[in-house]
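Comments concern the structure below.
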């Protein structure tokens, strides 16, 4: 992982939901459409994604706009679909990457500025995440494949612990009721 630090600060839109939810919903849509190259930026109440069908780096002829309502609809549809499917066998899908990056931003109370896989300096790097910390510092974080994999595995393990606690809680509620 290589991070670039700058002192320039931009105003970044506030979020209504967690980034992990927002980014997972958008990731599901991009993956379902077969889009492989992307540059995602929040803009007010909308997330704008310039994307393309070729492997990065490549042209991004498709531009998608996601409002809060769109994201909520995508999340609802994704939840319904996930209930019917078995857990993913692969940790590094676009959906898992977006969800893990969102979880990282949520956990560290950062604001998303941009995510891209299209303008990277080397073949080792697969993702660039630009965000603003709670202290107002702007960071451009270039992530390698192994760093993304570690982030996805960490998110998967956290979810497993959460689900184990939720299952135990549901068990005790059934037993008490």
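Bear in mind these aren't lab numbers, they're just calculated from the coordinates by the rules spelled out. Nothing here was measured: the structure is a model prediction, and the numbers come from that model. Cβ atoms come from the backbone with ideal geometry, glycine included; neighbour counts cover every protein chain shown.
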By how many nm would the segment from residue 108 to residue 93 grow when fully extended, if each residue of separation counts as 0.36 nm and the alpha-carbon distance is taken off?
3.1 nm
At 0.36 nm per residue, minus the direct Cα-Cα distance, what do residue 73 and residue 140 gain on full extension? Give it in nm, one decimal, please.
21.1 nm
Using R₀ = 35 Å, calculate the FRET efficiency as 1/(1 + (r/R₀)^6) where r is the Cβ-Cβ separation of residue 157 and residue 59; round to 0.05.
0.40
Give me the extension gain from residue 150 to residue 80: residue separation times 0.36 nm, minus the current Cα-Cα distance, reported in nm with one decimal.
22.5 nm
